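For reference, the structure is listed below as structure tokens.
Laboratory data are not the source of any read-out in this text; all were calculated from the coordinates shown. Being a predicted model, the structure only gives us computed values, none of them experimental. Every residue, glycine among them, receives a Cβ derived from its backbone with ideal geometry; neighbour counts consider all protein chains shown.
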Amino acid sequence: MVFNLIDIVNGIFSMIFVICSVLIGVKIILKYRPTNNPTFVYMGLTWIGLTSPWWGSTIGFVIGLFNDGQGISLSAYLLITITLLPVFILFYLKAITDLLWRQAQGVLIITYGIVGALFMIAYIYFSLVAPEVVGGLENPVDIRYNTFASYYLMLIILTFLIGGVFFGKASLKSKNASVRFQGKLLIIAFCSFSIGAFLDASIKLNVIGLLITRGILISSALEFYTGFILPTFLQKRFLE
């Protein structure tokens, strides 16, 4: 089977989004060294982990290019994608609760940790034994999740959005103009990612829809980056 146009667009833009996000995540993590602030590590890992639903698409596309359009098996696709998402969301909750909801940190992390552990056990088991229970490949670069996997993904998107908006709003209260500007960028990033991820997960997209959705996701990565590491040219452009 040879890739059709929508498969090619899907695969290429998944790969662009994943590569950009990994580079951005690493860049944010490296910000820890001069600042000694672990929030950069947690948020960098979070952003890398949030792209995991697109890892299977990226790897399937690359393999398919050299294998007559044949990607990876359904089990491999599932295991590559969101298996570790429950771990990455804990990094996110640690960062958010360190800054905003310290008193609720233990409850939130334990609750999400238990839910995440149960999800991982069920997800790995069914991915190996009965992968069709978890989801199905529509083509080598696209999957549709079923049942509990879909619900868990929605939980993660909502958690990321709600926590991110509160995080950004807290920055808006700063007396520092740069911090306020970064807060606005972070709110835009959290909203952009959530909208793009929801559309990607819930709607069967044509080529135009894919371009728009992946464009939103790629823009969210850039917004997230500038929200944490504000480039000098943006400071000069908007703050001076």
* Go ahead and collect, in residue order, the members of the range 148-186 whose backbone nitrogen is under 16 Å from a label point 7 Å along the Cα-Cβ direction of TYR125. => 148-149
* Asked: Mind listing the phi-derived Karplus ³J(HN,Hα) values for the range 44-54, rounded to whole Hz, using 6.51, -1.76 and 1.60 with θ = phi - 60°, and x for any glycine or proline?
  -> x, 5, 4, 5, 4, x, 5, 8, 4, x, 9
* Structure fact -> Which residues qualify? For ILE143, with a placed amide H closer than 5 Å and at least 5 residues away or on another chain, they are GLU138
* In whole Hz, with x marking every Gly and Pro, tabulate ³J(HN,Hα) for the range 131-140 from phi via Karplus 6.51 cos²θ - 1.76 cosθ + 1.60, θ = phi - 60°. => x, 5, 5, 7, x, x, 7, 7, 6, x
* Pairing the Cα long axis of helix 5-30 with the longest principal axis of the chain, what angle in degrees results, from 0 to 90 and rounded to the nearest 10? -> 40
* To do: Would you grab the residues whose amide H sits under 5 Å from the one on THR51? Only those 5+ places off in sequence or on another chain, please, with H modelled 1.01 Å from N.
  => none
* Structure fact -> Partner lysines whose C-alpha sits under 22 Å from that of LYS173, ignoring same-chain residues fewer than 8 away, are LYS94, LYS184, LYS236
* **Per DSSP, loop chymotrypsin sites (Phe, Trp or Tyr not before Pro) in the range 88-122 with at most 14 further Cβ within 10 Å** => TRP101
* To do: Quick one: which residues, 5 or more positions from ASN67 or on another chain, have an amide H under 5 Å from its amide H? H modelled 1.01 Å from N in the peptide plane, none for Pro or chain starts.
  => none
* Measuring from label point to label point, each 7 Å out along Cα→Cβ, what is the LYS173 to VAL133 span in nm? -> 4.6
* Asked: Counting only the backbone N, which residues of the range 157-171 are under 12 Å from the spot 7 Å out from the Cα of TRP101 toward its beta-carbon?
  -> 159-167
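Rank these for me by crowding, VAL41, VAL207, going from fewest to most other beta carbons within 10 Å.
Details: VAL41 19, VAL207 13.
So the ranking, lowest neighbour count to highest, is VAL207, VAL41.
Would you mind calculating the relative contact order of the chain from Cα pairs under 8 angstrom and at least 6 residues apart, reporting the percent as a whole number? Working shown, then result.
On the way: 320 pairs, mean separation 48.0, N = 240.
This gives 20 percent for the chain.
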* Per-residue HN-Hα couplings for the range 174-181 [Karplus 6.51, -1.76, 1.60; θ = phi - 60°; Hz; x = Gly/Pro] -> 5, 7, 7, 4, 5, 5, 4, 5
* Asked: Which number do you get for Rg(Cα) / (2.2 N^0.38 Å) in the chain?
  -> 1.04
* Asked: In whole angstrom, how far apart do the alpha carbon centroids of the range 1-51 and the range 91-129 sit?
  -> 21
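So, counting K/R as plus one and D/E as minus one, what does the shell of residues with Cβ under 12 Å around GLY168 add up to? Before the final figure, lay out each step's value.
Working: positive: LYS169, LYS173, ARG180, LYS184; negative: GLU223.
So the surrounding residues net to +3.
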* To do: Once you have all Cα-Cα distances for the range 140-232, histogram them in 10 Å bins from zero and send the whole-percent values.
  => 17, 40, 29, 12, 2
